[in-house]
Amino acid sequence: MTFRAFIAGCAGLELSPDESAFFKEARPWGLILFRRNIDRPDQVRALTESFRDLLGADAAVLVDQEGGRVQRLTAPHWPVYPAAAAFGRVPGGDERMTALGARLIAQDLRAVGIDVDCLPVLDVPVEGAHGVIGDRAYADNPADVARLGRAAAHGLMAGGVMPVMKHIPGHGRAGADSHMELPRVTASRGELETDFAPFRANADLPAAMTAHVVYEALDPLHPATQSRIVIEDVVRGEIGFGGLLMTDDLSMQALDGRFFERSARAFAAGVDLALHCNGDLAEAGAVAQAAPILAGDPLARVERARAQVAAAFAAAGPFDPVDARAELVSALAALA
């Protein structure tokens, strides 16, 4: 099946006739779900199946299922997971518990047809930064963020779900929320090494999401998502990430211009996939117009990412979710 290099959202609990017609014609590679799209497990399964009925079995369905503040599938039909910072406080077992939590999330997601999770967060928060990252980070130092983020990614892959590390090359020192405005980071080139470190340590993971952040020491004119300097020289070069690269949500207020231009700038900078989340079909149509057919190197990166997850899933050992959940609950209860 042929796809265009973008990911779209939808407005409600099922695809409307207009959305179905748009997806069938525009052929996005993926659909991303939010709380507005989620009610019960059978409803989510029906939604993901209807999307793949239009696009084919290779179409992706994504979600941000981190735990804590960012959890789209939640009570009463799904377990509530803690924020990443809680896993960093588990004494003597933080990597195991982090991987276990991600493996349980993967099981929840696969049961309803979701195969990509925008996790782990590899941002390193610094004192005085905006709280948009906060407890979404595993720790406040790059070594622990790298180590626990890797455990989470491996837990997801063992459960058959593709992890997307974010927000490359690092959102932790941003002084603003990029959902609302464009953050500008004035840190020196040397200071930014702290931000890069967790991504460099995990550069072999299958997928990553860009940051809508201007790093003045790298490119004072363009946010990373739209910066050829950041994508080519830093993300692909210094960090060494060779996997599938998608934008953060193009409908966020950090970016300016019409949606065709927002998308075109991102593709010109070197991203593989444009992400548009809010379900507005007029905006999504402009993104689709800017999105190329998924082919060449971007398609090869999609295929490698899929193969990497499939291999990890096939190699994973036996898994008892009941015992795993009991172990996780016990470990987290000890923190109280």
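Is there a residue in the range 103-117 that is under 18 Å from Asn37 (Cα atoms), in a helix (DSSP H, G or I) and in contact with a Phe, Trp or Tyr (Cβ under 6 Å, 6 or more places away or on another chain)?
yes
Among Gly160, Gly190, Gly172, which is at positive phi and either in a loop (DSSP other than H, G, I, E, B) or at pLDDT below 95 (or both)?
Working: Gly190 fails: at positive phi; Gly172 fails: at positive phi.
Criteria check complete, one pass: Gly160.
Looking at the range 134-158, I want the residues that are more than 19 Å from Ala307 (Cα to Cα) and charged (D, E, K, R) and have a partner that is buried (at least 23 other Cβ atoms within 10 Å of the Cβ) and modelled with pLDDT under 95 with Cβ atoms under 7 Å, at least 6 apart or on another chain. Which pairs are those?
Going by the 7 Å Cβ cut-off, the qualifying pairs are Asp140/Pro125.
Give the number of residues within the range 1-46 that are buried (at least 18 other Cβ atoms within 10 Å of the Cβ), free of Cβ contacts under 8 Å to residues at least 60 places away in the same chain, more than 20 Å from the chain's Cα centre (by Cα) and not in a loop (DSSP other than H, G, I, E, B).
Here is the first cut: in the range 1-46, the ones buried (at least 18 other Cβ atoms within 10 Å of the Cβ) are 3-10, 15, 19, 22-23, 26-33, 37-38, 44.
From the residues that got through so far, the ones that are free of Cβ contacts under 8 Å to residues at least 60 places away in the same chain too are 15, 23, 27, 31, 37-38.
Cutting the leftovers down to more than 20 Å from the chain's Cα centre (by Cα) gives us 15, 23, 27.
Those still in the list that are not in a loop (DSSP other than H, G, I, E, B) too: 23.
Of the residues in that region, 1 qualify.
Can you tell me which residue is surrounded by the fewest Cβ atoms within 10 Å (Cβ to Cβ) among those in the range 226-238 that are assigned to a helix (DSSP H, G or I) and touching a helix residue (DSSP H, G or I) at 6+ places or on another chain (Cβ under 6 Å)?
Initial filter on the range 226-238 (assigned to a helix (DSSP H, G or I)): 226, 228-238.
Remaining after also requiring touching a helix residue (DSSP H, G or I) at 6+ places or on another chain (Cβ under 6 Å): 226, 228, 230-231.
Details: Gln226: 28, Arg228: 13, Val230: 28, Ile231: 25.
The residue in question is Arg228.
Modelled with pLDDT under 95 and either surrounded by fewer than 24 Cβ atoms within 10 Å (Cβ to Cβ) or in contact with an Asp or Glu (Cβ under 6 Å, 6 or more places away or on another chain) (or both): is that true of Gly317 in this structure? Reasoning before the result, please.
Working: modelled with pLDDT under 95: yes; either surrounded by fewer than 24 Cβ atoms within 10 Å (Cβ to Cβ) or in contact with an Asp or Glu (Cβ under 6 Å, 6 or more places away or on another chain) (or both): yes.
For Gly317, the condition - modelled with pLDDT under 95 and either surrounded by fewer than 24 Cβ atoms within 10 Å (Cβ to Cβ) or in contact with an Asp or Glu (Cβ under 6 Å, 6 or more places away or on another chain) (or both) - is met.
Could you pull out the residue among Gln226, Gln253 that is among the polar types (S, T, N, Q) and in contact (Cβ under 8 Å) with a residue 60 or more places away in the chain? Outline the logic, then answer.
Details: Gln226 fails: in contact (Cβ under 8 Å) with a residue 60 or more places away in the chain.
Exactly one residue qualifies, and that residue is Gln253.
What residue, of Phe241, Phe199, is closer than 20 Å to Leu148 by Cα, under 18 Å from the mean Cα position of the chain (by Cα), at pLDDT 95 or above and in a loop (DSSP other than H, G, I, E, B)? If you could, list the steps in order and put the result at the bottom.
On the way: Phe199 fails: in a loop (DSSP other than H, G, I, E, B).
After applying the criteria, what remains is Phe241.
Considering only residues that are surrounded by fewer than 24 Cβ atoms within 10 Å (Cβ to Cβ) and of a type in the set (Phe, Trp, Tyr), which ones fall in the range 76-128?
Once the filter is applied, which keeps residues that are surrounded by fewer than 24 Cβ atoms within 10 Å (Cβ to Cβ) and of a type in the set (Phe, Trp, Tyr), the range 76-128 yields Trp78, Tyr81.
Can you tell me which condition Ala286 does not meet? The list is (1) of a type outside the set (Ser, Thr, Tyr); (2) touching a strand residue (DSSP E or B) at 6+ places or on another chain (Cβ under 9 Å); (3) touching a residue at least 24 places away in the same chain (Cβ under 8 Å), and all the others hold.
Among (1) of a type outside the set (Ser, Thr, Tyr); (2) touching a strand residue (DSSP E or B) at 6+ places or on another chain (Cβ under 9 Å); (3) touching a residue at least 24 places away in the same chain (Cβ under 8 Å), the lone unmet condition for Ala286 is (2).
Have a look at Gln71, Gln65 and point out the one that is surrounded by 14 or more Cβ atoms within 10 Å (Cβ to Cβ), closer than 19 Å to Pro163 by Cβ and free of Cβ contacts under 8 Å to residues at least 12 places away in the same chain. So that I can check it myself, show each step before the final result.
Details: Gln65 fails: free of Cβ contacts under 8 Å to residues at least 12 places away in the same chain.
Of the residues listed, the single one that is surrounded by 14 or more Cβ atoms within 10 Å (Cβ to Cβ), closer than 19 Å to Pro163 by Cβ and free of Cβ contacts under 8 Å to residues at least 12 places away in the same chain is Gln71.
If we keep just the residues of the range 103-144 that are under 27 Å from Ala60 (Cα atoms), touching an Asp or Glu at 6+ places or on another chain (Cβ under 8 Å) and aliphatic (A, V, I, L, M), which is modelled with the lowest pLDDT?
For the range 103-144, the residue satisfying everything is Val132.
The values are calculated or read from the model by the stated rules, or taken from the named source; none is laboratory data. What you are looking at is a predicted structure, and each value in this text was computed from that prediction instead of being measured. We place every Cβ from the backbone using ideal geometry, glycine too, and count neighbours over all the protein chains shown.
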